[in-house]
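Engineer: Below: one structure in structure tokens.
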Amino acid sequence: MENFAEIYNWLLIIMSVAGLAVFIALFYIDAGYGILYNREWGAAISNKPGWFIMEVPVFIAMTTLWALSGRSFEAIPLIFLIIFQTHYIQRAFIFPFLLVGSSKMPVSIVAMGFTFNLINSVMQGGWIFYLSPEGYYGEGLSWLSTLQFIAGTALFLCGLTINLHSDYLIREVRRKNQKPGNAEKKHFLPEKGLFRYVTSANYFGEIVEWTGFAILTWSLPGAIFAWWTFANLVPRAASTYKKYRAEYGPVIQEKKLKRVFPFIY
């Protein structure tokens, strides 16, 4: 376990620094999927299996880490698992099959997402089920009454709700505006929900969601995951804003839409 702990600590350091590199790089290089799809990223597959392949590893890995640990039936780790997996059940087993249209996703993006998700499952599961000190989360269910858990869970659920609702609005506006032979030639800007304030409301929801998870687990790996979510999605939101501004400039100017954080950025 000591060797694992040492390797684990180095993993956290590497991932923290890598997150900064990703944050900077994505302001100059668009990750070519979704609205930013780019054939220069190489061979591509349908985004439906792409999302499934990319997201399902973390669900399987977290479940496996939990099942093999000595904390499988401790209340707090089990609650953390349920909260965490709530997102990935939706993201891996529901979201891909609700997508509208026939967009493609580069295999390289799928591979990078697959790899990150496996690493992240080791970060989160390694801490929750193996390395968090005995008594760190109190006795019995006492952690559930702490400010960290209450505030973090509220943020997580708020972010999850925003994320799901925003994804629904994106699907609905695409379904409503699609025309035969033109399904993939244009992305449409939703006008409801938090899209009244930002062009990437779904990303805002996910950032809030994982910030909440970091707080409710009160853990460094949780914070690193929140940092990676921010580092990945904020530059992407900036690129998405540019795309929308080129097509919906007057609307964005009239509504004073921001990129990802309402009234701020």
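Since every read-out is calculated from the coordinates, none of them should be taken as a lab result. What you see is a predicted model; the values in this text were computed from it and never measured. In this analysis, Cβ positions are derived from the backbone assuming ideal geometry, glycine residues included, and neighbour counts consider all displayed protein chains.
Engineer: Within the range 18-53, whose backbone N sits under 13 Å from a point 7 Å along Cα→Cβ of residue 243?
Structural biologist: 30-39
Engineer: Now for a separate question. Taking 0.36 nm per residue of separation and subtracting the Cα-Cα distance, what length does fully extending residue 255 through residue 68 add? Before the final figure, lay out the partial values.
Structural biologist: Working: separation 187, 0.36 × 187 = 67.32 nm, distance 5.16 nm.
Extra length available between residue 255 and residue 68 comes to 62.2 nm.
Engineer: Considering amide H positions built from the backbone, and no H for Pro or chain starts, which residues 5 or more places from residue 198, or on another chain, come under 5 Å of its amide H?
Structural biologist: 258
Engineer: Which entries in the list 192/258; 104/255; 104/176; 192/255 go over 23 Å, if you measure between the two C-alpha atoms of each? Can you show the working numbers first?
Structural biologist: Values: 192/258 14 Å; 104/255 31 Å; 104/176 20 Å; 192/255 12 Å.
Flagged as over cut-off: 104/255.
Engineer: Another question, then. Long-range amide H contacts for residue 45: which residues qualify at under 5 Å (H placed 1.01 Å from N, peptide plane, sequence gap of 5 or more or a different chain)?
Structural biologist: Long-range HN contacts for residue 45: 105, 107.
Engineer: Grab the beta carbon distance between residue 16 and residue 175, set R0 = 41 Å, and tell me the FRET efficiency rounded to 0.05.
Structural biologist: Working: r = 40 Å, r/R0 = 0.98.
Efficiency, from the Cβ-Cβ distance: 0.55.
Engineer: Using only helices, what value at 222 nm comes out for the chain when you add -39,500 (n - 2.57) per DSSP H run of length 4 or more and divide by the total residues, to the nearest 500 deg cm²/dmol? Present the calculation step by step, with values, prior to reporting the outcome.
Structural biologist: On the way: 7 runs with 169 residues, N = 265.
Rounded to the nearest 500, the figure is -22500 deg cm²/dmol.
Engineer: What is the magnitude of the charge dipole of the range 64-200 about its Cα centre, with +1 placed on the Cβ of each Lys and Arg, -1 on the Cβ of each Asp and Glu, and no other charges, expressed in debye to the nearest 20? The partial results should precede the final answer.
Structural biologist: Numbers: 12 positive and 7 negative charges, 208 e Å.
Dipole about the Cα centre, nearest 20: 1000 debye.
Engineer: With the cut-off at 1.5 for a/c, could you classify the range 127-238 from its C-alpha gyration tensor as rounded, prolate or oblate?
Structural biologist: On the way: a/c = 3.31, a/b = 2.60, b/c = 1.28.
Prolate, since a/c reaches 1.5 and a/b exceeds b/c.
Engineer: For mean projected area of the Cα convex hull in nm², the listed values are [x] 15.2; [y] 13.0; [z] 14.5; which was obtained by calculation from the structure presented?
Structural biologist: [z]
Engineer: Sticking with this structure for a sec: Classify the range 1-110 as rounded, prolate or oblate, taking a ≥ b ≥ c as the square roots of the eigenvalues of its Cα gyration tensor: rounded when a/c is under 1.5, otherwise prolate if a/b is larger than b/c and oblate if not. If you can, show how the numbers build up before the last one.
Structural biologist: On the way: a/c = 2.76, a/b = 1.42, b/c = 1.95.
Oblate, because a/c is 1.5 or more while a/b does not exceed b/c.
Engineer: Rounded, prolate or oblate: which fits the range 116-175, taking a ≥ b ≥ c as square roots of the Cα gyration tensor eigenvalues, rounded meaning a/c under 1.5, else prolate when a/b beats b/c? Can you show the working numbers first?
Structural biologist: Details: a/c = 5.33, a/b = 1.75, b/c = 3.05.
Oblate is the answer for the range 116-175, as a/c is 1.5 or above yet b/c matches or exceeds a/b.
Engineer: Now for a different question. Relative to a virtual label point 7 Å from the Cα of residue 146 in the Cα→beta-carbon direction, which members of the range 63-94 show backbone nitrogen distances below 12 Å?
Structural biologist: 76-77
Engineer: Kindly point out which whole DSSP H helices in the chain project their C-alpha atoms 18 angstrom or further along the helix axis while averaging a Kyte-Doolittle hydropathy of 0.5 or above. Let's see the in-between values first.
Structural biologist: Numbers: long enough: 2-25 (34 Å, 1.46); 47-68 (32 Å, 0.92); 75-93 (25 Å, 1.25); 107-126 (28 Å, 1.13); 147-177 (45 Å, 0.32); 201-217 (24 Å, 0.66); 220-255 (43 Å, -0.19).
Those that pass (Cα extent of 18 Å or more, hydropathy at least 0.5) are 2-25, 47-68, 75-93, 107-126, 201-217.
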